[in-house]
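Below is one structure, written out as structure tokens, with a few remarks after it.
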Amino acid sequence: MAERPAAPESDTRWRSGGGFMLAALGSAVGLGNVWRFSYVVGENGGGAFLLVYLLALLLVGVPLLVAEFALGRAMRRESVAAIRRLAAGSPWRHIAWLSLVAPSLVLAYYSVVAGWVLRYLMDFSFGPPTAAGDHAAAFSAHVAGTLEPLAWQAVMLGATAAAIANEVTRGIERLNRVLMPLLALLLLAMLLQAATLDGFSRGLAFLFRPDWAALAQPRVYVAALGQVFFSLGLAMGVMVTFGSYLPRGTALHRPALAIAFGDTLAALAAGLVIFPAVFTLGLDPAQGPGLAFVVLPEVFARIPGGRLVGVAFFLLLTVAALTSMASLLEVPVAYTIQRFRVSRATASWAWMLALFLLGVPASLGYGAWSRVRDAAGRGILELMDAAAVDLLLPLNGLLLSLLIGWAWNGRRAAAATGIRPRWLAWLWLGVVRFLLPTLLLVVLGAGIARL
Ligand code: TRP
């Protein structure tokens, strides 16, 4: 197969490190930080989960992020081609498929949740207000619908496909540059409000005081590692592609650490808004994927000017979701254009249709097909999420770390990171060669045992 040409030298490079950081952070910060982080923390016992999450972030997330950036930069290719090039001639090249399958599967159900966000934006903007106390019922009623949630999902996917088809992702990124700091400010303001709640200290304790008994449960480790992959956008080909636009020579551990830090800060801010409210209102922190969609509107319904805050919040979250969706869709689209020589528009709309259809069961799982559940009571969306995040991503992370750590000449790989002093680059290589495969294998085993 013909290889994709190297990234053009001039205009697709990031002009500044800051521009790159904001773009990578923009794709990292999304529904994962607000919706997924809060519900997974809530289901896995709070503080114990957070502790494992932070460990996994430093031990697995950051080194793997460096590895993906380094691979993309050294190969000067988007992810599928970069992996194939490094693995040229060996069966390892087939693992490139995982970097295509994983983002597609994630995008299919991510767009369902993004549709919920858009629907809330519309409700807060134009709908009649829902009374305080009624938001749990309102959420259940909305997601149980058939056509309406599917329509919102289609709108979000359509907007993403339009952006990718017309190559306006640069524009979205610029928009993001303004709106993301606004989202941070809004979360900060909501945090100050949360600090006045009766349940604030219980919320803090839930989030920061580890319940040590929870550490004995394997599922906490599986969930924490999966969330690290999801939230940083790892093992989905995106960060390899980002790396291919980086100028040579700069050290990669600094942007990787900064992205991990910023992404975690956004998740913690959301957690610090959500959990105090959960305990103040007497809600269940372990209620699953609806958590943020029930708790935050309850908060907005109770504070002065809450309606406006709600509009602003859901608007910013819609944009955050769109930037993440655009990064995800770009992976299969870029591959399809080059492999089948179709136009960007054809590839974008064909993928949008396929991913919409793949997402339909996830949406219906809350309504017409709500009886489809596993023994643990997880519905279709949660099962797709578990398959992608608890299995596919760690599996792809494992294979990627083996490929990058072992198929690449060690000296070249270490040099490709640009990390100085030398020993630090070798430490990174050691982590990629030994620690990552070991940890990922263990957690993957635990994930499979949970199926
Ligand atoms: N990290 C994004 C979020 O937190 C979602 C996501 C998953 C993503 N994988 C990605 C974004 C890959 C961009 C690239 O919502």
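The values are calculated or read from the model by the stated rules, or taken from the named source; none is laboratory data. Computed from a predicted structure; not experimentally measured. So basically every Cβ, Gly included, is an ideal-geometry build from the backbone, and we count neighbours across all protein chains shown. Accessible surface is based on the protein model in full, side chains and every heavy atom, while ligands, DNA and RNA are left aside. Shrake-Rupley method; radii C 1.70, N 1.55, O 1.52, S 1.80 Å.
Quick one: which residue in 378, 371, 433, 420 is assigned to a loop (DSSP other than H, G, I, E, B) and open to solvent by less than 70 Å² (accessible area, probe 1.4 Å)? Give the steps one after another, and end with the answer.
On the way: 371 fails: open to solvent by less than 70 Å² (accessible area, probe 1.4 Å); 433 fails: assigned to a loop (DSSP other than H, G, I, E, B); 420 fails: open to solvent by less than 70 Å² (accessible area, probe 1.4 Å).
Exactly one of 378, 371, 433, 420 is assigned to a loop (DSSP other than H, G, I, E, B) and open to solvent by less than 70 Å² (accessible area, probe 1.4 Å), namely 378.
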Test of understanding: among 215, 204, which residue is open to solvent by 20 Å² or more (accessible area, probe 1.4 Å) and modelled with pLDDT of 95 or more? 204
Top-ranked residue of the range 331-355 - restricted to ones that are within 16 Å of the ligand (Cβ to nearest atom) and at pLDDT 90 or above, ranked as farthest from residue 229 (Cα to Cα): 351
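Determine which member of the set 270, 277 is part of a helix (DSSP H, G or I), open to solvent by less than 30 Å² (accessible area, probe 1.4 Å) and within 16 Å of the ligand (Cβ to nearest atom).
When all the criteria are applied, what remains is 270.
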Of the residues 122, 180, 190, 156, only one is open to solvent by less than 40 Å² (accessible area, probe 1.4 Å), closer than 28 Å to residue 23 by Cα and either more than 16 Å from the ligand (Cβ to nearest atom) or of a type in the set (Ser, Thr, Tyr) (or both); which? 190
Cβ-Cβ under 6 Å, sequence separation 6+ or interchain: first residue in the range 290-305 and closer than 9 Å to residue 136 by Cα and assigned to a loop (DSSP other than H, G, I, E, B), partner open to solvent by 10 Å² or more (accessible area, probe 1.4 Å) and not hydroxyl-bearing (Ser, Thr, Tyr). Which pairs? 290/139
Determine whether residue 236 is open to solvent by less than 30 Å² (accessible area, probe 1.4 Å), within 16 Å of the ligand (Cβ to nearest atom) and at pLDDT below 95. yes
Evaluate the following for residue 254: is it free of Cβ contacts under 8 Å to residues at least 40 places away in the same chain, open to solvent by 10 Å² or more (accessible area, probe 1.4 Å) and closer than 21 Å to residue 414 by Cα? yes
Do we find a residue being of a type in the set (Val, Ile, Thr), more than 30 Å from residue 379 (Cα to Cα) and open to solvent by less than 50 Å² (accessible area, probe 1.4 Å) anywhere in the range 83-104? yes
As an exercise: evaluate residue 242 against (1) aromatic (Phe, Trp, Tyr); (2) open to solvent by less than 50 Å² (accessible area, probe 1.4 Å); (3) over 25 Å from residue 426 (Cα atoms) and give the number of the one condition it does not meet. (3)
